[in-house]
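Everything on this sheet refers to the single structure shown next.
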Amino acid sequence: MSAQTPAEHELAELIVASLNLESTNAAAIAPEAPLFGGGLGLDSIDALELALAISKRYGFSLRSDNPDNKRIFSSLRELSAHVEKQRSTTCSGAR
Amino acid sequence: MKAHWSERREGGGRFALWLIRSIGLHLGRPAARALLYPITLYFYFRRGPERRASRAFLARAFARPARERDVLRHIHRYAGTILDRVFLLARGAHGFVIGVQGLEELETRIAHGRGAVLLGAHIGSFEALRVLAEIRPELRVRMLMDRGQTPALTELLHALNPAVADMVIDAGGDGTTAVLAIRDAAAQGALIGLLGDRARPGEPTQAARFFGEPAQFPVAPHLIAAALELPVVLAFGLYRGGNRYDVYFESFSTGAAIPRADRQARLAELLQRYAARLEYYTRLDPYNWFNFYAFWNV
């Protein structure tokens, strides 16, 4: 199991805070473990709340028509990579 | 009666649906309605579990044993509302008498243009709410539906009115995409149609008292509304026989967020209130109850 990057850690803390996962230590979320159904047991309502928290914090919207949504929400690592990519394009004004 | 409702295959098949539609649109509603009698008999004899579920429900609703003719009437009503979807989609409310109650409550809730949830159930015909397109054409309605549950019917209805396909948010795919689509539609001020009485397999439910006994209701519609802070308006369309429908809107909640710590208690309160109102509207005309499976027995 690999360690969290700083960006992944920040996102893990957002997940724990926004979904009120009191019994979960953000640092202990394995970056490649499944977010939904598996370890954390999140469902689609959690995904919605997480998407709202992400747009509030990072200032961009996760799109509903993105065919990669299933992959993007599959793990902390995938979600963080997507967030970082969107943040950089938003900041440079490419979108 | 053990099978989950979603495992029951669609009745009738493509050819029968096509035939009814063609007869309906070419010869008119009276001719098509005459066909409902053999269809009702076919359904009655071929679909044992549904027949038993109907009998059990009617006995519960009327507090007396249900007779054969009650069950036949129930199935006939159901078939009639499905036929009427053809007409409502092809021609709108034209030819129907649709009473509307509670429109002011709906208008008060959506006055700020931030969207709302229209929370219905599998009673009567949600399609009768199309009357809204005629009295308030500026309103946008998006409906969460599982296209895969009744593929032949969905295909037929979409062919009748291609604009309907754009109205539907598909619940059959991955849940995340569906909830994000709901968020986007609500952000544009749309009314989001959700049905609050049936959970899909594996979906979280909570019990509420309904017709005197606990039944399981899905929590997702209430949680989606709370997460998006959308007001909820109950919306039911009851079929009253002949060409008559009654559409009811009733304000249900203001769109407050639910703090996670209070979730269980708040959900219990919301579900109990929903179940009580659903029972009230179902009792207005129990033949509109279209959950033909063991609703209490999950």
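The values are calculated or read from the model by the stated rules, or taken from the named source; none is laboratory data. Just so we're clear, the structure is a prediction, and the values are computed from it rather than from any experiment. Every residue, glycine as well, gets a Cβ built from its backbone with ideal geometry; the counts of neighbours run over all protein chains shown. Side chains are part of the model used for accessible areas, which takes the heavy atoms of the whole protein and leaves out ligands, DNA and RNA. Shrake-Rupley method; radii C 1.70, N 1.55, O 1.52, S 1.80 Å.
Tell me yes or no: at least one residue of segment B:121-137 is assigned to a strand (DSSP E or B) and touching a residue at least 60 places away in the same chain (Cβ under 8 Å). There is at least one residue in segment B:121-137 that is assigned to a strand (DSSP E or B) and touching a residue at least 60 places away in the same chain (Cβ under 8 Å).
Applying the set (1) within 14 Å of another protein chain (Cβ to nearest Cβ); (2) assigned to a loop (DSSP other than H, G, I, E, B); (3) among the small types (Gly, Ala, Ser); (4) surrounded by 13 or more Cβ atoms within 10 Å (Cβ to Cβ) to A:Ala30 leaves exactly one unmet item: (1). Residues of segment A:70-89 that are more than 13 Å from chain B (Cβ to nearest Cβ) and either hydroxyl-bearing (Ser, Thr, Tyr) or without any contact (Cβ under 8 Å) to a residue 24 or more places away in the chain (or both): A:Ser75, A:Ser80, A:Ala81, A:Lys85, A:Ser88, A:Thr89.
Only residues that are open to solvent by 30 Å² or more (accessible area, probe 1.4 Å) and under 13 Å from B:Phe96 (Cβ atoms) were counted in segment B:228-268, giving 4. I'm checking my understanding of the structure. Among residues of segment A:44-69 that are over 13 Å from the mean Cα position of the chain (by Cα) and not in a helix (DSSP H, G or I), which one is nearest to the other protein chains (Cβ to nearest Cβ)? This residue is A:Ser64.
Out of the residues in segment B:199-223 that are open to solvent by 50 Å² or more (accessible area, probe 1.4 Å) and out of contact with any strand residue (DSSP E or B) (no Cβ under 6 Å at 6 or more places or on another chain), which is farthest from the other protein chains (Cβ to nearest Cβ)? Checking each candidate, the answer is B:Glu213. For segment B:56-65, the condition of being at negative phi and buried (at least 22 other Cβ atoms within 10 Å of the Cβ) holds for at least one residue. The test for being open to solvent by less than 60 Å² (accessible area, probe 1.4 Å) and touching a Phe, Trp or Tyr at 6+ places or on another chain (Cβ under 8 Å) holds for A:Gln86.
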